[in-house]
DNA sequence: CCCCCGTGCTAAATGGGTTCAGCAGGGCAT
DNA sequence: ATGCCCTGCTGAACCCATTTAGCACGGGGG
């Protein structure tokens, strides 16, 4: 294939200078170039299939139409790949491209990744984490914009976070609406047991939302089970314990879908049916939520919407505030009215 | 923060010309610059924290230390995100960066993505698909390298694919080693029913491997069930049908883990235990394989290794051949010797 | 007739680096 | 003393675009 077409080729073909061609192709206002010049340049560019060299342009203008996406584990684990998907979509809509780097949370790799992104003159950087947390960010040039995605940082205040408080409330409302008043357990969190621990900013908000809705209805949990690792095996064991020791449990709020998956397995083992004997509501809307039988009703982490939002904020002037993205309720079949015993 | 340090700053500080500084920093051999000049330049660069501007260098050298990753749905779905993870890791090891684009298989978006990557002067492009298939690739400049990842293309012959044939054989060997000789079902594929259909190159090889191992042992499937959509719901229904109609079934080869998940649900519903009454082996090593109880033994898709390999091939001279990556057997607890009835 | 202004366009500087041709100056052979 | 080579370095072109200052020309006013 032939060499790439450059602006010089277009100018030559149009019989004008590169300056004229450049101004016309960029649609600069207030140039006094004639109508005819416009036509000749546009025709030449179209005919030759001219596309500007982004790097060369960036050298001059400091805009590369490229943004950096630095994450600990987001891009490459299934848990939060929606973040990157949303970011890619929004970037494409804005005719930008995304340079992706994963650091696994290692500060040295993070620093190196940022330096490498700056070497490539990115217009801005999105910092994403899997578990919303305070993220260390090295110094950036003033001209480099930054947006925190599912993360917070003291210096870079523009953050995109899920609206966990409202989401937490929604989960409780689902059970209450179905008629549950007592016999509700919380699986995965016990404020008492975790007083000294801090999971993440968003988990704290989720729990606060859950408790506020519960309070509002004058209700309280019959049981709370602290679980540090939110995986199916742990959920299974804890649910089994709860259900055995406390036969009055009729509903469960699980802190994530993998715990809920474990709870399903425990219920099955005890011969309890979901949702007939046990209603379950959960958070995240993981892949497995749709695979479970019956389908798991869950309050979704809006990863794609968050990724989109982050890019949109980055490309507009970042506004230095927290941007909360609504968590949609995904209703499936895991909630029913309590059986009257 | 101050303006970026340029080569001119380094040269000035070292009291030498930019040319000298450039040659020294790039470690050019056969320049006759003095030992002392080397030391002065290196010291100046280190002291100022100089990093070359990749875009500017690329303009001259046509090397940007950046590669493009174009995929249909790989990056952003949990199914194959390992591909991107491996690619990112290998790129980082080679001090390269990755520009990611998703096209959802839309040829227009694909063409646009490739053009945009070329605008950014990438050194090469990896084309990845979720389901290994023949992928259309528009014209590329001769200088742009291409590697197909989980895909094949007539013009660009360098491909990275999972070694499905050997993987298929391995799945059968697992059952045979456990003592299974008859009552084995195949869930998800029936050559008879799918004569006219073509899923993908790799599925064909997987099936060929399965059949070759079976033949070698003089065995054959007691039952084959064609399923077009390999999802849990479909697996559940098909497995339920098979197990009801054919009580002699003692083992199942599932074409993927989601089908196996459905088979687990069907077995549970029929009061059969895995692996006591029914052994199950499967493919992919999805997230759910580890979550199931008992753990699902499965032949893994080596996504990360494939992503790595693709980058390595791209950065060396691509060799115009298919590179097969071994599929590791992940042994868990879903296979046991057949109960003697 | 001269000056001024508006119109339509171009030359040249710029961004940050790489690379090639070649320039000074010292040492050596003739 | 002349010519030549070797050493150690620099000037300038080049990559591809953007941007600013200003040139040439024609027309109108004084």
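Things worth noting here:
- On the beta carbon distance between residue A:39 and residue B:143, with R0 = 41 Å, the FRET formula returns roughly 0.80.
- Among A:185, A:91, A:115: highest mean-square fluctuation, GNM of chain A, C-alpha pairs under 10 Å: A:115
- Remark: relative contact order (the stretch A:206-322) = 19 percent; criterion is Cα-Cα distance under 8 angstrom and separation of 6 or more residues.
- Exercise: per-residue mean of other protein chain Cβ atoms within 10 Å, B:94-103: 5
- Inter-chain Cβ neighbour count for B:80-93, averaged per residue, equals 3 (cutoff 10 Å, partner chain atoms only).
- For the stretch B:62-156: rounded, prolate or oblate by the Cα gyration tensor [a/c cutoff 1.5]: oblate
- Shape of the stretch A:102-163, Cα gyration tensor, a/c cut at 1.5: oblate
- Ranked from largest, the principal axis spans of the Cα set of the protein assembly as shown equal 84, 68, 60 Å.
- At 1.567 mPa s and 4 °C, Stokes diffusion of the stretch A:7-52 via Kirkwood alpha-carbon radius, µm² per second: 128 µm²/s
- Over the residues of chain A, the helix contribution to mean residue ellipticity at 222 nm works out to -12500 deg cm²/dmol, using -39500 (n - 2.57) for each DSSP H run of at least 4.
- Across the stretch B:189-341, the convex hull enclosing all Cα atoms gives 130 Å³ per residue.
- Distances, shortest first, from the label point of residue A:273 to those at the same position in the other copies read 2.4 nm; the point lies 7 Å along Cα to C-beta.
- DSSP beta bridges in chain B [antiparallel fraction, %, rounded to 5]: 5 percent
- Nm distances between copies for residue A:111, ranked from closest, using label points 7 Å along Cα→Cβ: 4.7
- Cα gyration tensor category, rounded, prolate or oblate, for the stretch B:233-282 with a/c compared to 1.5: rounded
- Over the stretch B:7-52, Cα pairs under 8 Å with separation of 6+ residues give a relative contact order of 46 percent.
- Within the protein assembly as shown, antiparallel bridges make up roughly 10 percent of the DSSP beta bridges whose residues both belong there.
- Residues B:13, A:63 arranged by fewest to most Cβ contacts within 10 Å: A:63, B:13
- Per-selection Kirkwood Rh - chain A (Cα, Å, 1 d.p.): 22.9 Å
- Cβ-based exposure ranking for B:96, A:320, in which fewest neighbours within 10 Å come first: A:320, B:96
- Going from the fewest other Cβ atoms within 10 Å to the most, the residues A:311, B:329 appear in the order B:329, A:311.
- Dividing the mean sequence gap of close Cα pairs (under 8 Å, 6+ apart) by how many residues chain B holds gives a relative contact order of 18 percent.
Readers should treat all values here as calculations from the given coordinates under stated rules, not as data from a laboratory. Nothing here was measured: the structure is a model prediction, and the numbers come from that model. Using ideal geometry, Cβ is built from the backbone for each residue, glycine included, and neighbour counts are taken over all protein chains shown.
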